[in-house]
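**Q** Could you have a look at this structure, given as structure tokens, before my questions?
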Amino acid sequence: MNRLELRPPLTTLWSGCDPFAAAAALAREAASDDLVRDVEGRRTLRFEIDGRGYYLKLQNGVSWRRIAEELVHLRRPVLGAGNEWNAIGRCHELGVPTMTAVGFGERGSGPARRDSFIVTEAIEPAIDLDEFTRNWREQAPHPALKHALIRAVASIARRLHEGGVNHRDFYLCHFLMRTDPEPAADAFELALIDLHRAQLRSHTPRRWRDKDLAGLYFSALDIGLTRRDKLRFLQTYFPGALRHTLQTERRLLAYLEREAARLKLRFERKFANRPALQR
């Protein structure tokens, strides 16, 4: 199935040419400093149009071996950029702040031969919440900003899951916050990014919702959250009274503690000899 969606400025920039060839040329000619990721048939890079930043994700098929691995682990394989295009659209429908896509293309008869691309506006200047919160233990943020960010992240998570979307890589590093103007408790902008593996349904299964929440909690384990901070998140994420949530979601809360600890242990083992990647 072939699909092509172009919006300004790509409607002008790529007018009269093959958008797939233009995207491939951008990826092929990108300077090393502009490459964000280059793994197994998938390349992500930054480029500019009239001084404004954009990101291109280009995917050239998915191997049958990779598809088999995903299916063996009961995971739905991601077969191209269409998944992120659809996820971005759903997020906009749900009021979840995310990227703005200006181009998408997909062509090819099968997963191994399917070429696809997506172009999104760069969110700049910005900092991801993993980096922004990294020194919170040593240098506590203003309480009002901290509380506002917790509520904002919880609100995004709630709208996402209530709208039938689970992220699958739901970590603090995938929340971008604009830094101009400087963030304040009553004025900041967050955006959820990297929706490449997101799953879309009419209803988010509890299993996948819980995995998202565990990933988010794992990524926040070392930033110095207090019990009140955690309760503040729960109060925003779950409808109804907090006391009721603590009673009805006891199994979930116990699971989140166990799973976050397991993820942390696995992370530490994986990067034991790569200290630069650790906090």
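**Q** Name every residue in the stretch 130-185 that is touching a Leu at 6+ places or on another chain (Cβ under 8 Å), in contact (Cβ under 8 Å) with a residue 60 or more places away in the chain and part of a loop (DSSP other than H, G, I, E, B), in order of residue number.
**A** Thr133, Gly163, Gly164
**Q** Mind listing whichever residues of the stretch 192-214 are in contact (Cβ under 8 Å) with a residue 60 or more places away in the chain and not aliphatic (A, V, I, L, M)? Spell out how you get there, then give the answer.
**A** As a first pass, look at the stretch 192-214 and keep what is in contact (Cβ under 8 Å) with a residue 60 or more places away in the chain: 192-193, 195-200.
If the condition is that a residue be in contact (Cβ under 8 Å) with a residue 60 or more places away in the chain and not aliphatic (A, V, I, L, M), then His196, Arg197, Gln199 are the ones that fit.
**Q** While we're on this one: So the check is Cβ under 7 Å with 6+ separation or different chains; which pairs have a first residue in the stretch 41-55 that's more than 27 Å from Pro111 (Cβ to Cβ) and a second one that's basic (Lys, Arg) and in a strand (DSSP E or B)?
**A** Gly53/Arg46
**Q** Something else now. Got a number for residues in the stretch 194-243 being assigned to a loop (DSSP other than H, G, I, E, B) and either aromatic (Phe, Trp, Tyr) or not assigned by TED's automatic domain parsing to the domain that holds Asp130 (or both)?
**A** Adding up the residues that qualify gives 1.
**Q** Is it the case that the stretch 94-117 has a residue that's crowded, with 20+ Cβ neighbours inside 10 Å, of a type outside the set (Gly, Ala, Ser), without any contact (Cβ under 8 Å) to a residue 60 or more places away in the chain and assigned by TED's automatic domain parsing to the domain that holds Gly41?
**A** yes
**Q** Of the conditions (1) touching a Ser or Thr at 6+ places or on another chain (Cβ under 9 Å); (2) surrounded by fewer than 20 Cβ atoms within 10 Å (Cβ to Cβ), Arg159 fails just one. Which one is it?
**A** Here Arg159 clears every test but (1).
**Q** Go through the stretch 109-145 and report how many residues are over 27 Å from Asp50 (Cβ atoms) and more than 21 Å from the chain's Cα centre (by Cα).
**A** Residues meeting the conditions: 17.
**Q** Here is a follow-up. Kindly list the number of the only condition in (1) under 30 Å from Gly80 (Cβ atoms); (2) assigned to a helix (DSSP H, G or I) that fails for Leu256.
**A** Unmet for Leu256, out of (1) under 30 Å from Gly80 (Cβ atoms); (2) assigned to a helix (DSSP H, G or I): (1).
Conditions tested, residue by residue: (1) closer than 27 Å to His203 by Cα; (2) touching a strand residue (DSSP E or B) at 6+ places or on another chain (Cβ under 7 Å).
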site	(1), (2)
Cys91	yes, yes
Ile123	no, yes
Arg137	no, no
Val153	yes, yes
Val165	yes, yes
Phe170	yes, no
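**Q** Let me ask something else about it. Take the stretch 15-40 and flag every residue that is part of a loop (DSSP other than H, G, I, E, B) and in contact (Cβ under 8 Å) with a residue 24 or more places away in the chain.
**A** Glu40
**Q** Taking the condition of being acidic (Asp, Glu) and under 18 Å from Ala122 (Cβ atoms), how many residues in the stretch 1-37 meet it?
**A** Of the residues in the stretch 1-37, 2 are acidic (Asp, Glu) and under 18 Å from Ala122 (Cβ atoms).
**Q** Restrict the check to the stretch 212-222 and report whether at least one residue is surrounded by fewer than 19 Cβ atoms within 10 Å (Cβ to Cβ) and at pLDDT 95 or above.
**A** Scanning the stretch 212-222 turns up at least one residue that is surrounded by fewer than 19 Cβ atoms within 10 Å (Cβ to Cβ) and at pLDDT 95 or above.
The values are calculated or read from the model by the stated rules, or taken from the named source; none is laboratory data. Quick caveat, the model's predicted, so the values are computed rather than measured. Heads up, the Cβs are rebuilt from the backbone with ideal geometry, glycines too, and the neighbour counts pull from every protein chain shown.
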